[in-house]
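Data first, discussion second: the structure below is written as structure tokens.
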Amino acid sequence: MTEIDKTKPVLVTGATGYVAGWLVKKLLEEGIDVHAAVRNPDNKAKLAHLDEIAAKSKGSISYFKSDLLEEGSYAEAMKGCELVYHTASPFALDVKDAQRDLIDPAVNGTKNVLNSASATPSVKRVVVTSSCAAIYGDAIDTQNAPGGKITEEIWNTTSSLEHGPYSYSKTLAEKKAWEMQKAQSQWDLVCINPSFVMGPALNPKNTTSESQSVLMQMVDGTMKMGAPKLGFGVVDVRDVAEAHFKAGFTPVAQGRYITSGTETDLLEMAMSLIPKYGDRFPLPKKALPKWLLMIVAPLINKNYTRRFIKDNVNVPWSGDNSKIKKELGMEFRPLQESMEDGLQQLIDEGIVVAK
Ligand code: NDP
């Protein structure tokens, strides 16, 4: 049981991020003072949306310069906080050097933030943004799980530096977090494990998240010949923020929480946009055959190996979201709403142009 005092500031690492933006908004609207740890507090373009929200909210925001790779750089931002949200971690699928670009910032960053938590006596709870990627590597793993769906009991054992390095980085980082939590008794740990996040960004012109890149590819013609039935779960970014909020302020919150609204696949996601936008964008209308992908995909993108295609295409994804519904009272938006709100925003902001 951990009670968090809402009059104390709350730290959010990676506050510029797509997921973190909605969490910061929620905290500010609840009247909480947010300590926003960011790599560059002088980059106004990446922070203007947060300042605007803070100006209209009861809570206040202050910025702290912090980098996952600089030891001790979260200490100042953490002072006086009872609750720490650690969301910062690179989310990129196409990187040059997976160890340097994904694993090191994810794992050493987690170590760095949690070492500061142990050195800051006010800290009572840390909520880490992990991922379903720390639970499964390929969609086939969900089918092979007991009962044919992943639960919080399961860990990703199939990703590696060579196969699914982003998923591997999230697995190693979450393992490190639990190892460090168990070695002390000052703070407890709650992990939020979202599936693929979709929905509008608060700062769409400066979003680096892979979530927005995937949505852009659905409408820019990349998938006009069809899309693979690549199985995964999807959750709305606003629901992910709500899950973080509840994980922080629900005294009995404990362990990991699969945070996923819909079991779907890439083609179904894209096709959910057809009723409203099908006449304006070259959306995919049919599945690309697996045999064709086995031949062509590895030539187009080094991440789409034959093993990846075999274990993910035409393989349904299944995850059990009952723990978060029961313990934190979460409800999830339907897929269509996340997809339509996400695309409508890209149109309204002039980021994608309809025919
Ligand atoms: P974003 O790219 O929008 O956010 C990533 C954040 O991490 C940014 O704020 C970025 O800061 C920060 N960051 C990256 N490297 C460093 C570093 N070396 N030092 C300090 N900060 C750093 O991605 P998302 O919002 O999608 O991801 C946020 C979290 O959610 C991540 O932990 C991700 O793994 C997790 N997640 C995301 C899912 C998704 O589908 N989007 C699904 C499941 C989990 P800067 O602005 O300075 O680059």
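Here, each number is a calculation from the coordinates, and none is a lab measurement. The model shown is predicted, which means the values in this text are computed figures rather than measured ones. For neighbour counting, all protein chains shown are included, and Cβ atoms are generated from backbone atoms with ideal geometry for every residue, glycine included.
If only residues of the stretch 10-44 that are away from the ligand (no atom under 15 Å from the Cβ) and surrounded by 24 or more Cβ atoms within 10 Å (Cβ to Cβ) are counted, the one that is nearest to ALA88 (Cα to Cα) is VAL10. The listed residues are VAL234, VAL214, VAL240, VAL296, and the only one of them that is surrounded by 23 or more Cβ atoms within 10 Å (Cβ to Cβ) and out of contact with any Leu (no Cβ under 7 Å at 6 or more places or on another chain) turns out to be VAL240. The single condition among (1) under 24 Å from the mean Cα position of the chain (by Cα); (2) touching a residue at least 60 places away in the same chain (Cβ under 8 Å); (3) buried (at least 19 other Cβ atoms within 10 Å of the Cβ) that LEU283 does not satisfy is (1).
Within the stretch 299-330, work out how many residues are without any contact (Cβ under 8 Å) to a residue 40 or more places away in the chain and either buried (at least 16 other Cβ atoms within 10 Å of the Cβ) or within 30 Å of HIS244 (Cβ to Cβ) (or both). Of the residues in that region, 4 qualify. Residues in the stretch 49-83 that are away from the ligand (no atom under 14 Å from the Cβ), assigned to a strand (DSSP E or B) and not hydroxyl-bearing (Ser, Thr, Tyr): ILE61, LEU83. The one condition from (1) farther than 25 Å from PRO165 by Cα; (2) out of contact with any helix residue (DSSP H, G or I) (no Cβ under 6 Å at 6 or more places or on another chain); (3) part of a loop (DSSP other than H, G, I, E, B); (4) not β-branched (Val, Ile, Thr) that ALA253 does not meet is (2). Considering (1) buried (at least 21 other Cβ atoms within 10 Å of the Cβ); (2) basic (Lys, Arg); (3) more than 29 Å from LYS124 (Cβ to Cβ), the lone condition that ARG256 does not fulfil carries the number (3).
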